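Below is one structure, written out as structure tokens, with a few remarks after it.
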Amino acid sequence: MSEAASGTTALEQVQRHFARFAQGHAHLRLYHAICRGLADDPDAASLLLAAQPGQARPVLLLAALHDLVLRRPELPAARWYSSVVGRDAVATGDPWPEVRATILDHADELRRTIATHRTQTNEVNRAVYVAAAVSLAARDLPDTPVVLVELGASAGLLLEVDRYRVELRRQGVALVVGDPDSAVTCHGEDRSPTPLASLALPPVAARVGLDVAPIDTADADAIRWLEACIWPDVPRRIERFRAAMILLRTDPPRLQRGDMVEDLEGTVEATLQDLTSTEGRDLHLVVFSSWALTYVERARRGFVAEVLARCARAVPAVSWVTAEPAGCVPGLPLPEGLPVDDDTTVLGARRWRGGRELAAEAWGTCHPHGEWLAVTGP
Ligand SMILES: C[S@@+](CC[C@H](N)C(=O)[O-])C[C@H]1O[C@@H](n2cnc3c(N)ncnc32)[C@H](O)[C@@H]1O
């Protein structure tokens, strides 16, 4: 419907989006207050109209503003951001007057950021379900080295899953996977009907990430934007991201620019060629995607399995592990009772052994950022 026909201007729609965001996120002190302010303030809210088509979402303006205060910690709005001043030093009271002043004083700068950026994520705590899923995929080959390939890897933070301490808590007791002494700790609650008794990651022989827009860990602006897209109100997220970035810089995973369907076969072949000493004989190829396949057109998603079936002729064990919304992965059954196209994150795998595909398995569900997981199978 056109603006004239609907009687709503683009600016009014933007303000409604801010009002809805505020309503749905009352638990986020800062972002709730900012969005409530923007909902009633056409001058400040109008900045979002600079967004690229389809990108005018509240989180884009919030990220642009976060990026600004990360770059300019002397601005009045910065003292409301725990990511700038530290969690213990965040100002109290109503942030909106100072945040509004900062928005209006830097309107041109913010508009430029909004016009040239899209929100981007790489959530370290997703290592909780990646660790569980890779362990489950390797349960029949616990000692075989894996070649990890992530589809939609962003900056590659999840490819380092074995370098983090991943804690799965249940009634105060933690099951630890990965490196117990790591400076990066990921936390999740085990809500499985039968408690997870043991999980172990296999040794990692190689790791590579494929992304249409990979983020170079040496690019300070790109890393700051990734950080700016994290909501500062959520405890531990920024801190964990920063710790993971420090770890990653010492030995970053290889990232390949490309489409996860079109360029998968070439990426796998090149990675295996680099491991010629093992000749692919004692390797387990584990391809995983976490909230990434869902961005690929539905009609193209099935080609990933076709490519992997071909790879399974050269590599004795191939697993495709997914953490994607329900109904996203072709050929994967749904956990019982879950409707198709539900936003719940479903864990599952399609696996090939000795060139033949095994029955696809849904393993359960999890929080999209790994705050809990419920493994119901295998
Ligand atoms: C929501 S992010 C998830 C990043 C990471 N997997 C995580 O869980 O934190 C989705 C990623 O998929 C990438 N992506 C989207 N479509 C893609 C495609 N067709 N091929 C490769 N990467 C793609 C995006 O660039 C982005 O980095």
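The values are calculated or read from the model by the stated rules, or taken from the named source; none is laboratory data. Owing to the predicted nature of the structure, the values given are computational and were not obtained by experimental measurement. We place every Cβ from the backbone using ideal geometry, glycine too, and count neighbours over all the protein chains shown. Side chains included, ligands, DNA and RNA excluded: accessible areas come from the protein's heavy atoms. Shrake-Rupley method; radii C 1.70, N 1.55, O 1.52, S 1.80 Å.
Being more than 16 Å from the ligand (Cβ to nearest atom), touching a residue at least 60 places away in the same chain (Cβ under 8 Å) and under 15 Å from Leu373 (Cβ atoms) is a condition met by at least one residue of the stretch 162-181.
Screening Arg257 on (1) surrounded by 14 or more Cβ atoms within 10 Å (Cβ to Cβ); (2) within 16 Å of the ligand (Cβ to nearest atom) shows it passes everything except condition (1).
Within the stretch 337-345, is even one residue touching a helix residue (DSSP H, G or I) at 6+ places or on another chain (Cβ under 6 Å) and either modelled with pLDDT of 90 or more or within 13 Å of the ligand (Cβ to nearest atom) (or both)? No, there is no match, as no residue in the stretch 337-345 is touching a helix residue (DSSP H, G or I) at 6+ places or on another chain (Cβ under 6 Å) and either modelled with pLDDT of 90 or more or within 13 Å of the ligand (Cβ to nearest atom) (or both). Restricting attention to the stretch 245-254, which residues are loosely packed, with under 13 Cβ neighbours inside 10 Å and either of a type in the set (D, E, K, R) or within 15 Å of the ligand (Cβ to nearest atom) (or both)? Within the stretch 245-254, Arg249, Asp251 meet the criteria.
Filtering the stretch 216-234 to residues that are hydrophobic (A, V, I, L, M, F, W, C), modelled with pLDDT under 95 and open to solvent by less than 50 Å² (accessible area, probe 1.4 Å) leaves only Val234. Scoring Leu159 on the criteria (1) out of contact with any Lys or Arg (no Cβ under 6 Å at 6 or more places or on another chain); (2) open to solvent by less than 10 Å² (accessible area, probe 1.4 Å); (3) more than 9 Å from the ligand (Cβ to nearest atom); (4) within 23 Å of Glu227 (Cβ to Cβ) leaves a single failure, condition (1). Across the stretch 272-291, the qualifying residues are those that are at pLDDT 95 or above and small (Gly, Ala, Ser), and the one among them that is nearest to the ligand (Cβ to nearest atom) is Ser290.
In the condition set (1) away from the ligand (no atom under 15 Å from the Cβ); (2) modelled with pLDDT of 95 or more; (3) among the aliphatic types (A, V, I, L, M), Leu199 is compliant with all but (2). Restricting the search to strands (runs of 3 or more DSSP E) fully inside the stretch 132-219 and requiring at least 3 residues that are in the same structural domain as Leu308 (by TED's automatic domain parsing) and more than 18 Å from the chain's Cα centre (by Cα) gives 165-170, 173-178, 204-211. Every listed requirement among (1) modelled with pLDDT of 95 or more; (2) more than 19 Å from Ala115 (Cα to Cα) is met by Ala4 save one, (1). Take the conditions (1) of a type in the set (A, V, I, L, M); (2) under 14 Å from Met260 (Cβ atoms); (3) out of contact with any strand residue (DSSP E or B) (no Cβ under 6 Å at 6 or more places or on another chain); Val329 misses just one of them, which is (3). The combined condition, being over 16 Å from Ile103 (Cβ atoms), of a type outside the set (Val, Ile, Thr) and at pLDDT below 95, is not fulfilled by Ala19. Among the residues of the stretch 54-63, is any within 24 Å of Leu226 (Cβ to Cβ) and open to solvent by 60 Å² or more (accessible area, probe 1.4 Å)? Checked against the condition, which is being within 24 Å of Leu226 (Cβ to Cβ) and open to solvent by 60 Å² or more (accessible area, probe 1.4 Å), the stretch 54-63 yields at least one hit.
Here the helices (runs of 4 or more DSSP H) wholly within the stretch 22-124 that include at least 2 residues being within 16 Å of the ligand (Cβ to nearest atom) are 58-71.
Name the one entry in Glu306, Glu265, Glu239, Glu269 that is open to solvent by 20 Å² or more (accessible area, probe 1.4 Å), within 14 Å of the ligand (Cβ to nearest atom) and acidic (Asp, Glu). Let's see the steps before the verdict.
On the way: Glu306 fails: within 14 Å of the ligand (Cβ to nearest atom); Glu239 fails: within 14 Å of the ligand (Cβ to nearest atom); Glu269 fails: within 14 Å of the ligand (Cβ to nearest atom).
After ruling out the rest, the residue left standing is Glu265.
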